[in-house]
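Q: Supplied in structure tokens, the structure appears directly below.
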Amino acid sequence: MKKIFLTLSVLTLFVLGACSEDDSNNIGEAYFFTNAAASYAVSDDEAGDFVELEINSTQKSNVDRTFTISVDESSTATPAMYSLETTQVVIPAGSFSTTVKVFGNYTALPEEGSVDLVLAIADTEESLSDKRTATVNMFRFCTPENVTLSFIFDFYASETTWQVKNAAGVTLYSGGPYADGNAPVNVNLELCSGAYTLTVNDSYGDGMFDGAVNGSFTLTQNGVVLGTGGGNFGATTTLNFTVN
């Protein structure tokens, strides 16, 4: 299990002077996030990675202290994109600090860009106003898979262009036109797990058929065919495929 432990500095554990060693009555005690912001690259490998935020108290006590953290309304992350270890946080007796884990959901996060999860200490009277919230910037991270796009052209390869788009419609790769002739072309694509669309275009409008030769294209991943097409498809054809 991968673990990202986020802390700015032990110096931030002490605010407004030094933290009091003990106060069983919690007089003047306040809670605060050590980190105002954190970056969380959520992996697609299902390894159970998480980000861990530290929460501190200005005082140490001889009893456990329990308080609530909530999701601030300024968050752009939806509930499906994350889960919290707990919302009832406990600082143990004799300690100044505790931690809370945030788990990201790779498949629910947007394919492009990032979202912010803003956590807040719910009771404002028990928190330091300038350290009451912590923002976790969450985004997808993956180990790309190697996918090969292979073309066997008809004679008029100069008529062929193509694009690969992700599920959000963003063009990730494109190519062509190529030199006329029958030389094959292999293109290496590095793609994360997910759904994609390959679009192949022919400027003349007769696909990959020149009257004598039927051209073709094939997508493979580790020797497994993800999809194939070709022949006289007219001006354009699309192929939906999935990378695992």
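Q: Of all residues in the stretch 219-244, which are aromatic (F, W, Y) and either part of a strand (DSSP E or B) or in contact with a Phe, Trp or Tyr (Cβ under 6 Å, 6 or more places away or on another chain) (or both)?
A: First, the residues of the stretch 219-244 that are aromatic (F, W, Y): 233, 241.
Once the filter is applied, which keeps residues that are aromatic (F, W, Y) and either part of a strand (DSSP E or B) or in contact with a Phe, Trp or Tyr (Cβ under 6 Å, 6 or more places away or on another chain) (or both), the stretch 219-244 yields only F241.
Q: Considering only the stretch 76-98, how many residues are more than 30 Å from the chain's Cα centre (by Cα) and outside any strand (DSSP E or B)? I'd like the intermediate steps shown before the answer.
A: Kept after step one, since they are more than 30 Å from the chain's Cα centre (by Cα), are these residues of the stretch 76-98: 91-96.
If we keep only those that are outside any strand (DSSP E or B) as well, we get 92-96.
The number of residues fulfilling the criteria is 5.
Q: If you don't mind, there's one more thing I want to ask. Could you grab the pairs with beta carbons closer than 6 Å, sequence gap of 6+ or different chains, first residue in the stretch 225-244 and aromatic (F, W, Y), second one modelled with pLDDT of 95 or more?
A: That search, which allows pairs on different chains as well, returns F233/G207; F241/Y196; F241/L219; F241/L226; F241/G227.
Q: Check whether at least one residue in the stretch 119-128 is among the hydrophobic types (A, V, I, L, M, F, W, C), surrounded by fewer than 20 Cβ atoms within 10 Å (Cβ to Cβ), in contact (Cβ under 8 Å) with a residue 60 or more places away in the chain and closer than 30 Å to E73 by Cβ, and report yes or no.
A: yes
Q: In the stretch 168-195, which residues are modelled with pLDDT of 95 or more and either among the β-branched types (V, I, T) or not assigned by TED's automatic domain parsing to the domain that holds T238 (or both)?
A: The answer is T171, V185, V187.
Q: Okay, moving on. Within the stretch 143-151, is even one residue over 27 Å from the mean Cα position of the chain (by Cα), aliphatic (A, V, I, L, M) and under 30 Å from D210 (Cα atoms)? Even if it seems obvious, please write down each step before you answer.
A: Filtering the stretch 143-151 down to residues over 27 Å from the mean Cα position of the chain (by Cα) leaves 150-151.
Checking which are aliphatic (A, V, I, L, M) leaves us with none.
The answer is no; no qualifying residue exists.
Q: Please find, among K101, K165, the residue that is in contact with a Phe, Trp or Tyr (Cβ under 9 Å, 6 or more places away or on another chain) and either assigned by TED's automatic domain parsing to the domain that holds D202 or buried (at least 16 other Cβ atoms within 10 Å of the Cβ) (or both). If you could, list the steps in order and put the result at the bottom.
A: Working: K101 fails: either assigned by TED's automatic domain parsing to the domain that holds D202 or buried (at least 16 other Cβ atoms within 10 Å of the Cβ) (or both).
Only one candidate passes the filter, namely K165.
Q: Determine whether E73 is over 16 Å from L128 (Cα atoms), part of a strand (DSSP E or B), outside the structural domain of L191 (by TED's automatic domain parsing) and of a type in the set (D, E).
A: no
Q: List every residue pair whose Cβ atoms sit under 6 Å apart, with the two residues 6 or more apart in sequence or on different chains, where the first one lies in the stretch 197-214 and is in contact (Cβ under 8 Å) with a residue 24 or more places away in the chain and the second, anywhere, is assigned to a loop (DSSP other than H, G, I, E, B) and hydroxyl-bearing (S, T, Y).
A: D210/Y156
Q: Sort through S127, S57, S75, S95 and tell me the only one that's small (G, A, S) and closer than 30 Å to A168 by Cβ. Before the answer, list the steps.
A: On the way: S127 fails: closer than 30 Å to A168 by Cβ; S57 fails: closer than 30 Å to A168 by Cβ; S95 fails: closer than 30 Å to A168 by Cβ.
Exactly one residue qualifies, and that residue is S75.
Q: For residues that are assigned to a loop (DSSP other than H, G, I, E, B), farther than 10 Å from G230 by Cβ and in contact with a strand residue (DSSP E or B) (Cβ under 8 Å, 6 or more places away or on another chain), tally how many sit in the stretch 191-218.
A: 3
The values are calculated or read from the model by the stated rules, or taken from the named source; none is laboratory data. Just so it is clear, the structure is predicted and the values come from calculations on it, not from any experiment. Positions of Cβ are backbone-derived with ideal geometry, glycine not excepted, and every protein chain shown enters the neighbour counts.
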